[in-house]
Every structure is written in structure tokens, then in C-alpha cells.
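Participant: If you scroll down you'll find the structure; I have some questions about it.
The values are calculated or read from the model by the stated rules, or taken from the named source; none is laboratory data. Small disclaimer: the values here were computed from a predicted structure and weren't measured. Cβ atoms come from the backbone with ideal geometry, glycine included; neighbour counts cover every protein chain shown. Only protein heavy atoms, including side chains, enter the accessible area calculation; ligands, DNA and RNA are left aside. Shrake-Rupley method; radii C 1.70, N 1.55, O 1.52, S 1.80 Å.
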Amino acid sequence: MVIPSCFSLMVNMRIISKVMILSLSIIMVLSGTTYSIFLESENHIKSATFVSKSFEVGPGKIASKALYDIEFPKGHIGVKSFDAELVDEDGNSVPLYETYLHHWFAIKYNENITMSRYIEQSHDISKGINYTRNDGACRGFMLPHYWGLGGESRGTSSNLPDPFAVEFGNPTNIPHGFKEKWLFDILAIDTRGAYSRKGCTECRCDLLNLPKDFYNVTRDINEQPLSLNYKGGLFCCKDNLQCKLRKGFHGPTRKLSLRYKIRWVDWDEHQVPLKFYILDTTDRVRTNGSSTIHDCQAEYTIPRIGHGDSPHVKKANIPMKKGGYLIYGTSHMHTGVVNATLYGQDGRVLCTSTPKYGTGKEAGNEKGYLVGMSGCYPKPGSVEIKDGEILTLETRYQNKFRTGAMGFFHIHLAEQLPNKDLKV
């Protein structure tokens, strides 16, 4: 089994021994991290900040990486939040107009203990690794991650209210002889000196130094030859490609890392487990006999229609095999988003996620960039999704040509509620 780095969005179990994780260069990097663990005074919540293995970027360069065996809290735990951002070698936050964080995804896998030393020494991941996914229904291994955002990471909350948490490390759920581990899937685009910052962040194919036979040899998400009408997106953002620079621009290379903070509790009878789902506005739901197939495409192109200001709207009707009580929801979108709304089958609004755009120069407030998406924290028990209910996801972008647009809605559902007063 070979895992190409950075196309975990477009992972398809039929590709590369049935698993493919975002982007198309093959790389495995074992993380070297530094961290400190703190115990918060309330509710025995622990927190730790880690720094991933570094990777190198230069002006206009694409960095599409899979970083294996990242640091993660040990034991049987319940994760309360997971936040991340790009930093330089000195630990300084990197602004989006220098290096655009297209996405980072945290993906779980189980590694055969007897193969661990071999994998570490040889970087051969074809043996001894089984990948696991979240509770979402996208076919194959599409959108498998448990956490992940992009440029909006610094301004988007991931906190889960007490006593809810996402459970990991339960020995009864880990196959005998295996160890639970995690990897990062990262796509970062250095736009220093870029001829078109916007075009580079959207992975416009005509701005990248693609090989001459690119369209002849590249297969799309359905294993068909990539259409000549494909103008931009993840297929064109391969590791180490070069985005067009302004004439005469030169700049230094540098090393970046993902700094991430995790908050968790030791698992006990007081925790209420949550299921995590990623819904995709490109989901082309279809049936095959009694089976429902969620044909998620992960990205789409927005054509400019006329000269009006009405936003571009994309919808998907997504049946939920299993429901629950909505505890938290937010969306992953790109710059240009107007909002994203999730509706119940009867038309009721379950959650609307709205953007925050930057107004300055400092990291986290970059002018013109999407720097945050709002989330929903309904009173636990007040918003219920029924088993089999068909949800409608509606994403809205500005009426401007855009490639590689994404419209994911993240929801955490509780199948049961605690029998006590809740703190939110």
C-alpha cells in the first residue's frame, strides 16, 4: 500500500492498493516535535502544544506533505479540541500572504507493532498499516480526517462543550498487535513574489509548471483521464511544483512546521462520546440497489455568471444513515465564501457558518483572506437529526471565477445525552 502525500481529499480505496491520501508525491516523514503538557484547573482537562517535522518552501513552491507518526496524547482519552497553524523555524506565525495554508488534515491509522521498526528505517509504508476514517459516508477513503481546516484555522473554534469529547485510544477498538497512530496531510503554497497570489492559492493549472504530458497521464477522482477543461484544483497542486513568479523576483527558502495544540481528558464514565461527520456539498448521492453511494468530489469550479452580485449556490441532499443530537458544527471553505448552511429535511436551519475576513497584516488577520468560520453550539438536546433524515447542505460563494472551491460541513453528533446539567 502506497500513500501519496496530499490528496487525502481525493482518496479512493481503488487507487494505489485501494487507498490514496491527498496529493500525489510519495513521502513519509516521521515527526520530530517539542511539546509541553499543562493541566487546566477545570474538569481535569489537559493540553499540549506540539511542533511537527519541518518542511522546506521557497517563493512560489507547492509543499504537499504527509507527515507520519505525529505526536498525539497517549492512552484512552477524549479529545476536546485540536487547533493548528503554520510557523517558521523561530516559532513565529506565518501570515497567509506569505505561505497560504490550503489545508491540514489529521488522519488516524493503525500500525502493526512488529513492522514499526522496519517502517521507520525503510520509509516503506506498503506493509503493516491500516487507515481508519471518521463517521462520514463519502465513498472509499474520501475525506477521512477527524480534524482539519485551512487558512481559516486561527479564527475557527474546535472546542467541544463538557461533557462531550471524541474518544480515541480505546484498547477494545484497536486490532490486536496494532498501535493507534496519526498523520498530517498538509498542502501549503508559498506565494511570496507570486504573479497572482489568488491564482496560486486556487491551484490554477496555467500558473504552475506542469509537465507537458500532464493531462495525458493524470487520472481524475473517478480514474478517468483528467479533462482539458480542468482549470485548477488539487490535481494541479503537486508537491514541489512551482507557481509563476513576478519577473526578477528572488527570495530565500525557509523551513516551516505545523504547530498544533490538543486539549483532552482521560476517558471515564463521565464523558459522552461524539460521532464526527464531514458532509460535502459536491456529494453526488446515488443508489445501487439497496445501497446508498456518497460520490463526494471534494472540490468544484465556480464560473462567473453575468455581472450581478448574487452569490453562486451549490447544494447537496445527503441522507444520514445514523442521526443524533447536534453538539457542534462549522464549515471548511475558501476565501470568497459567503456562508454555508445545513438544513433538516423539513427545511429547519440546523446550523449556519459565516466567514470572518482579515483587515490587517498580522497573522490571523490578513487583509482580504478568509481567517475564520463561525460555529454553532446549540443547547444539547435542542437540535436532533433523525436516523435516515435527508439533510441539505447549501454553500454560497461570491459570483467570481474560482477553481478548487470547497464546501465541507463538520458536525459532531451525540447519540445519547448525559443525565445531568451541562456546562457549555
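Participant: By how many nm would the segment from LYS261 to TYR230 grow when fully extended, if each residue of separation counts as 0.36 nm and the alpha-carbon distance is taken off?
Facilitator: 7.5 nm
Participant: Can you work out the Karplus-derived ³J(HN,Hα) for every residue in the stretch 381-386? Use 6.51 cos²θ - 1.76 cosθ + 1.60 with θ = phi - 60°, whole Hz, and x for glycine or proline.
Facilitator: Per residue, the Karplus-derived 3J(HN,Hα) values read x, 8, 10, 10, 9, 7 Hz.
Participant: Still on this structure: Given a 1.4 angstrom probe, I'd like the percentage of the accessible area of the chain that is carbon and sulfur, rounded to a whole number.
Facilitator: 49
Participant: Quick check for you: with a 1.4 Å probe and neighbouring chains kept, what is the accessible area per residue of the chain, in Å²?
Facilitator: I get 43 Å² per residue for this part.
Participant: Which whole-number percent gives the relative contact order of the stretch 46-414, counting Cα pairs below 8 Å spaced six or more residues apart?
Facilitator: Once divided by the residue count of the stretch 46-414, the mean separation gives 25 percent.
Participant: For the stretch 161-267, which GluC sites (Glu not before Pro) pass both filters: DSSP loop (anything but H, G, I, E, B) and at most 12 other C-beta atoms within 10 Å?
Facilitator: Sites meeting the loop and neighbour criteria: GLU223.
Participant: Sequence-distant or interchain residues sharing an amide H contact under 5 Å with ASP239, placed H: which?
Facilitator: Close amide H contacts, sequence-distant or interchain: LEU24, SER25, SER64.
Participant: A further question on this structure: Which chymotrypsin sites (Phe, Trp or Tyr not before Pro) from the stretch 249-327 combine a DSSP loop assignment with at most 14 other Cβ atoms within 10 Å?
Facilitator: For chymotrypsin sites (Phe, Trp or Tyr not before Pro) across the stretch 249-327 that sit outside H, G, I, E and B with at most 14 neighbouring Cβ atoms in 10 Å, the list reads PHE249.
Participant: Under 26 Å Cα-Cα from LYS315, which lysines qualify once same-chain neighbours fewer than 8 residues away are excluded?
Facilitator: Straight-distance partners of LYS315: LYS198, LYS231, LYS275, LYS356, LYS386, LYS400.
Participant: Further question: So which trypsin sites (Lys or Arg not before Pro) in the stretch 339-383 pass both tests, a DSSP loop state and at most 11 other Cβ atoms within 10 Å of the Cβ?
Facilitator: ARG348, LYS361
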